[in-house]
Every structure is written in structure tokens, then in C-alpha cells.
Amino acid sequence: MKPQSPATGAWFILVAAILWGTTGTAQAFAPAGYDSRVIGALRLVIGGLALLLIAAHRREFGHWRDWAAWPIFLASAFTAIYQLCFFSGVARTGVAIGTIVGIGSAPIAGGILGLLFRAEKPTRRWLFSTLLAIFGCSLLSLSGNENVAVNPIGIMLAIGAGASYAAYTLVIKGLLEKHAPCAVVAIVTCGGAILSMPVLMQMDLEWIQQPRALAVVLHLGILSMALAYGLFARGLQSVPVGTATTLTLAEPMTAGTLGILILKEQMNFMTGSGIVFIFIGLIVLIIRRRQT
């Protein structure tokens, strides 16, 4: 197979981030009485099963003895922690703040972890792009939405989600050096689903029987989990950890845009400026990847 170029990998990650950006909007369509923790856990279960079937059909797993247990456990744990922290954070402090704080903190954590564990030195272009995108996230969070409530526990959960996501990225980067992308995310996602099962066993699941609830969960599991994480893993093969986490700032940009177009949230100067700054920051990285 022809080696994947950094430009192609960057576009894979960008598309994955756009799909992730639909999660908050999709959750807004969940019926009354839904539990954010159940949504996060079911997202893992459905996404993991879909990825497992795809990887098995492609015969990408190879020999089980070739898989290291400790990295798989860590990646699975970080996946489960991210799901629970992100959806709980969004539920407590709102879609805008929860998404922006969670995803906005990931590039910083990703850059630090990439430097410490993989000797990936941050470039000036990466720093400039990241600062632009994070500044855009800040403008989005300060856009004056009256429905936004800054809940301290929600903020901490969102930061925990960002740090967990960065750690997950670091661990699967190592796994991708030895295994096929779909097989890696299938095993890790299924591991995260298993770790999340206690949440499902203790929660009321009656609201899942509603058609709208099923539609939301299927969207989150198949599109924003299986497809998105499959694309992300492929892209991560040729993209550094810090750059990958910065590219995922397309998620809050998408969330903000969908909030305006679908949820009819108010558009003002700061909201528009925030989206533009994130977009410019991402373009800086994409152009850089094309030139290398």
C-alpha cells in the first residue's frame, strides 16, 4: 500500500473532527429525561461493534499475541473517561462551553505529551495555528449566549475530557505503528465500551425506546464514533500528536456553526469571529501539511 502523505492524513483528521462536531447538536435532539452518561456509553458500544465488524471483515486483527495488553487497556480507559467526562460536562455547563473547554484544552495537552513521550517538538507554525484556534474558541465561549451557564464541575469535567482525549491520541499513535487503523480503534473502542458497561447497568434506559432517542444514539455511534474514529486513526498514522489535536479544533467550529444553522442560536460578531479564527488556524496547518 502506498504510504499516506501528511496532507492526506490531515484531511482525514479534519473530516473526523467535523463529524465529532455534530455530537452536541445531536444530543440537543435527545428526548426529555435522557442521561448523558448513558448516551456516552451507548455511543461506545454501537461504535465499537461497528468497527469490530469492519475490521473482522477486512481481516485486520492478525494474531492476538502481537497485541500489547497495557497500551490497549490505557487507550480503552482514556476513551471511556473521555465519553463520560465530555457528555457530563456538556450536560452541566452547556454545549458551547463544554465543547470549547474540552476540545480547546486537548491541543495543549497533546503538544506536551507528544514532546515528553515521542520527542515531537512543537513548531512555530503549530503554535501559531493552535493559538489562533484557541483564541477562536474563547470568542465562541464569550459570545454572550444567555443559555450558557459556567458550572465549575462541568468545566473540570470538560478539561478532564480534553486531557483524556490527548492521552488517548498519544497511546493509539504507538499502536498504529504496528497495527491497522480500523483494528486499533475497534479493539480500543470495544475496550472502552466494556469499561462503560457498569454505567449502563445502573441507569434507567426506558427513554432509549423512543424513536428520536434511537436516532440520536445511532448517529452518535455510527457516524460520530465508528466513522470518525476510523478516519482519525488513519490520519494519525502520518500526523504528529500535537498537530492532530489542534486539527480537532474543527469540532467546536462545527458545533458553533450547527448551533447557528440548526439550533437557531443567535449569531453575533464574537461568534462569527470565533469561527473564522478557528478556520484560519486550521487552514494554516492544512497548508503546512500540503507543503511537506
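The values are calculated or read from the model by the stated rules, or taken from the named source; none is laboratory data. This is a predicted model, so every value here is computed, not measured. Reconstructed Cβ throughout: ideal geometry from the backbone, glycine too, with neighbour counts over all protein chains shown. With ligands, DNA and RNA removed, areas are computed over all heavy atoms of the protein, side chains included. Shrake-Rupley method; radii C 1.70, N 1.55, O 1.52, S 1.80 Å.
Averaged per residue, what accessible area in Å² does the stretch 151-248 show with a 1.4 Å probe, protein chains only? Accessible area per residue, the stretch 151-248: 37 Å². When peptides 264-276, 214-226, 101-113 are sorted by average Cβ neighbour count within 10 Å, with the highest value leading, the order is 101-113, 214-226, 264-276.
When each of the peptides 123-130, 67-74 is scored by how many other beta carbons lie within 10 Å of its residues on average, the order from highest to lowest is 123-130, 67-74.
Across L176, L263, L49, mean-square fluctuation computed from a Gaussian network of the chain (C-alpha pairs under 10 Å connected) peaks at L263. Screening the chain for whole DSSP H helices with an alpha carbon extent of at least 24 angstrom along the helix axis and a mean Kyte-Doolittle hydropathy of at least 0.5 yields 36-58, 69-93, 95-118, 124-141, 152-175, 181-202, 269-291. Shown for the chain: lysine pairs separated by 8 or more places, or found on different chains, whose C-alpha atoms are under 29 Å apart, numbering 5. With helices as the sole contributors, the chain gives -24500 deg cm²/dmol at 222 nm; each DSSP H run of n ≥ 4 counts as -39500 (n - 2.57), and the sum is divided by every residue.
Measuring spread by the Cα atoms of the chain yields a radius of gyration and Dmax of 18.0, 56 Å.
Between L205 and K178, what's the calculated FRET efficiency when r is the beta-carbon distance and R0 is 35 Å? Round to 0.05. Efficiency computed from Cβ-Cβ geometry: 0.40. For the stretch 128-233, GluC sites (Glu not before Pro) are listed when DSSP marks them as loop and at most 15 other Cβ atoms sit within 10 Å of their Cβ; the list is E146, E177. The GNM of the chain, with springs linking C-alpha atoms under 10 angstrom apart, assigns the highest mean-square fluctuation among A213, A233, A75 to A213. Split the accessible area of the stretch 159-292 by element, probe 1.4 Å, and carbon with sulfur accounts for 66%. The trypsin sites (Lys or Arg not before Pro) of the stretch 7-80 that meet both conditions, a loop assignment by DSSP and at most 12 other Cβ atoms within 10 Å of the site Cβ, are R59.
When the Gaussian network model of the chain links Cα atoms closer than 10 Å, the mean-square fluctuations of G235, G281, G259 top out at G259.
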